[in-house]
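Below is one structure; the comments refer to it alone.
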Amino acid sequence: MANMQRAENFPLHRRDVAKRLAEAGGADLLIVTGLGSTNWDFTAAGDRDLTFPLWGAMGGAVPLALGLALAKPDRRVLVATGDGEMLMGLGSLATVAIQAPHNLAIAVFDNERYGETGMQPTATAYSADLAAAALACGIETAGTVRTEDELTEAIPDLVEKPGPIFYVIKVQAEPLDFILPPKDGVYLKNRFRRALLGTDGIL
Amino acid sequence: MAGNQTDWWKDIYKALKEHDVRQVAYVPDAGHTDLIDACHDDNEMTAIVHTTEEEGVALLSGAWLGGARGVLLMQSSGVGNCINMLSLIQTCRFPFATFVTMRGQWHEFNPWQTHMGQGTEPALANAGCIVETVEDPEDVGAQASATLHRAFVGGQATALLLHQRLVPIKSFGK
């Protein structure tokens, strides 16, 4: 049976986690956000050219961030996505472990719900343990964050510790306003490339 | 141009080098074996084995965001795994190039390969890719080069289907 009560009592709030990660990472951090709530969380923290929000492509956030991390080994890449999105691309954790990019960190904001579709329970509300899956795939730095103290320890790992890094951050299942980033994919691509690669990036 | 009927993969490799391809995403197929090995051995390339082909579509999009060119190597059955992820390519107009070894076309032993093999071209076309097929080993190099040019110079999503007659007939000992 799904445990539908516990996530409503998780102490960490996703909007606060996103804000703190964005601030800790600074202006140079390359951020990829998975479809749904993590898009709104990081837009609430401040829309920026070097954040690439996915509005679809479910299951693609981690492999997209891997391609970016391999292309730009001198830049830190953080992918923030939800538990539902991560579950659809679970195999990509094995792919990341093989490549072992030192500059890639993955933060899964886990409210144990499919948030955009009616708050149905995901597999993490039953028995799935995403951090255990990451460890089993071979990502050596992986864990689950549940408390304020654990979050304070995990944030520096996510933005600067040699990767790959994987943290599940258990966040409260709570109703929040939609804070939407731009949704034109060509615009999102071009502003990211211009900010990262200069004018040549959009020629 | 490669000298015999089974060396056509060398012409794809040469085209990848000429077009500065740095990331080679793949789910293995027997027909891509030598090319995959060559990409792994190349210090200027990163070859990435995926658990499903759609990961490769997303990976190449991220590579392009970071300024790197990549391609996806897969067999025809993998095309079906990519369909929703190809919406990422279309929505953001990412360049995209894939080389697909075909099953279900020519002396196919395994009927389970035929449905997706026969559906590969319309599926890719419906997903917004320009699709070309090459059957003649002598033409693989030119077609590969044109595919990469179409993607990275022309900014298109494109697939080159490598006809099953290019690869040895698989019979499982029967």
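Worth a mention:
- Failed condition for A:Arg15, given (1) closer than 18 Å to A:Val168 by Cα; (2) in contact with a Phe, Trp or Tyr (Cβ under 8 Å, 6 or more places away or on another chain): (2)
- Set side by side, the residues B:Gly78, B:Gly56, B:Gly62, B:Gly70 differ, and just one is under 27 Å from A:Leu30 (Cα atoms), under 15 Å from the mean Cα position of the chain (by Cα), within 14 Å of chain A (Cβ to nearest Cβ) and not in a strand (DSSP E or B), which is B:Gly56.
- Considering B:Phe94, B:Phe109, the condition of being outside any helix (DSSP H, G or I) and either of a type in the set (Asp, Glu) or modelled with pLDDT under 95 (or both) is satisfied by B:Phe109 alone.
- Test: residue in region A:40-49 that is surrounded by 21 or more Cβ atoms within 10 Å (Cβ to Cβ) and within 14 Å of another protein chain (Cβ to nearest Cβ): no
- Some residue of region B:114-131 being assigned to a helix (DSSP H, G or I) and either within 14 Å of chain A (Cβ to nearest Cβ) or under 22 Å from A:Leu70 (Cβ atoms) (or both): no
- Filtered by the rule that a residue be touching a helix residue (DSSP H, G or I) at 6+ places or on another chain (Cβ under 7 Å) and either of a type in the set (D, E, K, R) or under 22 Å from A:Phe42 (Cα atoms) (or both), region A:123-141 gives a lone residue, A:Leu130.
- Every residue from region A:112-146 that is closer than 18 Å to A:Gly89 by Cβ, out of contact with any strand residue (DSSP E or B) (no Cβ under 7 Å at 6 or more places or on another chain) and either polar (S, T, N, Q) or surrounded by fewer than 17 Cβ atoms within 10 Å (Cβ to Cβ) (or both): A:Glu116, A:Thr117, A:Ala123, A:Ala128, A:Asp129, A:Ala132, A:Ala136, A:Gly138
- Within region A:67-180, strands (runs of 3 or more DSSP E) holding 2 or more residues that are within 14 Å of another protein chain (Cβ to nearest Cβ) and closer than 30 Å to B:Glu44 by Cβ: A:77-82, A:104-110
The values are calculated or read from the model by the stated rules, or taken from the named source; none is laboratory data. Nothing here was measured: the structure is a model prediction, and the numbers come from that model. Neighbour counts are summed over all protein chains in view; Cβ atoms, including those assigned to glycine, are modelled from backbone coordinates with ideal geometry.
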